[in-house]
Amino acid sequence: MKTNVLRYAAVDIGSNSTRMLAAEVVPGQAPRVLAAARDVTRLGEGVFRNGRISPEAMENAPRVLARMAESYRKLDVAGVRAVATSAVRDAANQSEFLSRASAALGAPVEIISGREEARLIHRGVMSRWPQPDKRVLIVDIGGGSAEIIASEDGRLLDAVSKPLGAIRLQEIFLTDDPPPPLALNQLVEFVDQKLDATVARMGTHWDRVIATSSTAAAVVCAVNRVSRARRDEADRLRASTAQVRQLYRRLAVLDLNGRRKIPGIGPRRAEIIVAGLGALLRILERFHAPSAYYSGAGVRDGIVADLAARGVGGELARMSREQRAEVERIASRFGITLKHAREIARFSQQLFARLQPLHQLPLAYGRLLEAACYLSETGHSINDAAHHKHAHYIVANVDISGFTDRERALIAALCRYHRKAMPQASHPEFQALPPEEKRALPLMIPVLRLAFNLDRGRHLDVELADSEIQDTRVTLKLRSPRPLDLAEWAASRVSEVFQQVYGRSVMITRER
């Protein structure tokens, strides 16, 4: 299993639904969903009717957002991004909504452009279902807009956002139930008009068409007889254009009660399914697509993948500039060579991130580990013998700004145990720690000892290139111009403690 894990939360405030996703990201793997939620908030109904988010939606959406935020806050996420799309883009009272939505989330809500929405959809789909060596058309029918995205070998080639969302089309054309043929024809003509330039530019040759969003989910579920309760099973299922056309003709003549009886189409989706399905069918026809696959990925998945690619949140595991300056001041005062201490700290940060699936500690502990790398050898200034105990005394008593007393106590404990014995119930410095730190300390000690021992030669030229966590062993792949004999010996010195804490041996290999 690859390492370097971070958790992120994404909120997509769409024209029909508001969605939340919290996921854990490991490079090279599909994100692991930790929490997800979806609520129909129908912001677009008022906007596409009179240009404003309705009072009801203005009250309901923040309540939904507050519940979602409460869910992901429990997961210690490293980064959050919340976006609003078509309906909020068009709303005259968007400022009031953004203020109330941001307050409910405790995080800023940003309005994104149609192109940014398309980019995130593309990134989300490719993160969950890569498409190497394929020319792919991605179609997302939202509540207010439709995003049409051209992709080749996983790269975004072109993207457009058109005002072809299900709620928007419903409000403009399908005000009667069931809609009369004239209204349906007008809807098709409108879709055609919006598609002409895009079809001419993007072309009609595709290896695969992937449809996303709730309209696509309902269509694929209805075609494949998948109940709404089992909608997650529809991911990557296929519907031919002929089947989509047949479903459209069937639904277009039914009233709302009739549409609600169709398996796979939920009661709220039935209100707008004809408009969304009509747009999807016409897009498939205009791009000469024989079929479409459904993907459950969307803007939320794209946000998570984007945050991970930019390394958002990694700074939470590192000391601030002020903290580092203070720690370096103390280290210099006690005779520490800063160049070497910085290298140890850098290496410990890499190890902390790579071993996160094992220790599963909040990122903030990485800052305290980094501080300990600077201060663990300050005890030499008193006496080389038992210098780890002297370091504990120094850190516990010296005036260090930028850290709470509780944080300083854990840094001091790390200095105490960076060598020799592990924490014991009889040790007063261990007993003085709160329960949470008593649990964290043993998990951090092997990381700290590895960082010190792997740079024991003080050559400052060892890089952690990769790592692999297996059931019985952790392999650290190093990059170094020198033979790894010393590094292998250093790892052996930590192996017993590593085995004791994590139940795995540790092995050093060289990058080839």
| task | Starting from the amide H of VAL506, placed 1.01 Å from N in the peptide plane, find each other amide H under 5 Å away whose residue is 5 or more places distant or on another chain. | result | VAL474
| query | Once amide H atoms are placed 1.01 Å from N in the peptide plane, what residues at a sequence separation of 5 or more from GLY79, or on another chain, have their amide H within under 5 Å of its amide H? | reply | ALA9
| task | Stick to the Cα atoms of region 408-512, pair each with every other, and give me the Kirkwood hydrodynamic radius in Å at one decimal. | result | 14.7 Å
| request: In square nanometres and to one decimal, what's the mean projected area of the convex hull around the Cα atoms of the chain? | output: 27.0 nm²
| remark: Taking 130-137, 389-396 and ranking on average Cβ neighbours within 10 Å, highest first, one gets 389-396, 130-137
| Each residue of region 375-383 in turn: what ³J(HN,Hα) in whole Hz from Karplus with 6.51, -1.76, 1.60 and θ = phi - 60°, glycine and Pro shown as x? | 10, 5, 9, 5, x, 4, 5, 8, 6
| task | Report in % the part of the accessible area of the chain that belongs to carbon and sulfur, leaving out ligands and nucleic acids; probe 1.4 Å. | result | 47 percent
| task | Grab the beta carbon distance between ASP485 and ALA432, set R0 = 41 Å, and tell me the FRET efficiency rounded to 0.05. | result | 0.55
| In what order, largest first, do SER320, SER401 sit by accessible area if the probe radius is 1.4 Å? | SER401, SER320
| request: Tell me what the chain gives for mean residue ellipticity at 222 nm when only DSSP H runs of n ≥ 4 count, each as -39,500 (n - 2.57), the sum divided by the residue total, rounded to 500 deg cm²/dmol. | output: -15500 deg cm²/dmol
| message | Suppose the chain between ARG67 and ARG510 were pulled fully straight at 0.36 nm per residue; how much longer would it get relative to their current alpha carbon spacing? | response | 154.7 nm
| Long-range amide H contacts for ALA146: which residues qualify at under 5 Å (H placed 1.01 Å from N, peptide plane, sequence gap of 5 or more or a different chain)? | LYS162, LEU164, GLY165
| Where both partners of a DSSP beta bridge lie in region 1-93, what percent of those bridges are antiparallel, to the nearest 5? | 75 percent
| Heavy-atom accessible area order for HIS380, HIS427, largest first, 1.4 Å probe | HIS380, HIS427
| request: Roll a 1.4 Å probe over the protein chains and send me the accessible area per residue for the chain in Å². | output: 43 Å²
| query | What ³J(HN,Hα) values, in whole Hz, does the Karplus curve 6.51 cos²θ - 1.76 cosθ + 1.60 give for region 133-148 when θ = phi - 60°, with x put for Gly and Pro? | reply | 6, 10, 9, 10, 10, 10, 10, 10, 9, x, x, x, 9, 10, 9, 10
| So which lysines pass the test for LYS389, namely a Cα distance under 23 Å, with those fewer than 8 places away in the same chain ruled out? | LYS420, LYS438
| message | Can you give me the solvent accessible area of TRP489 with a 1.4 Å probe, rounded to the nearest 10 Å²? | response | 110 Å²
| task | Place the peptides 446-452, 207-213, 197-203, 48-54 in order of packing, highest mean first, counting for every residue the other Cβ atoms within 10 Å and averaging per peptide. | result | 446-452, 207-213, 48-54, 197-203
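The values are calculated or read from the model by the stated rules, or taken from the named source; none is laboratory data. Predicted, not measured: the structure shown is a model, and the values here were computed from it. Methodologically, a virtual Cβ is constructed for each residue, glycine included, from the backbone with ideal geometry; neighbour enumeration extends over all protein chains shown. Just so you know, the surface numbers come from the protein's heavy atoms only, side chains and all, with ligands and any DNA or RNA stripped out. Shrake-Rupley method; radii C 1.70, N 1.55, O 1.52, S 1.80 Å.
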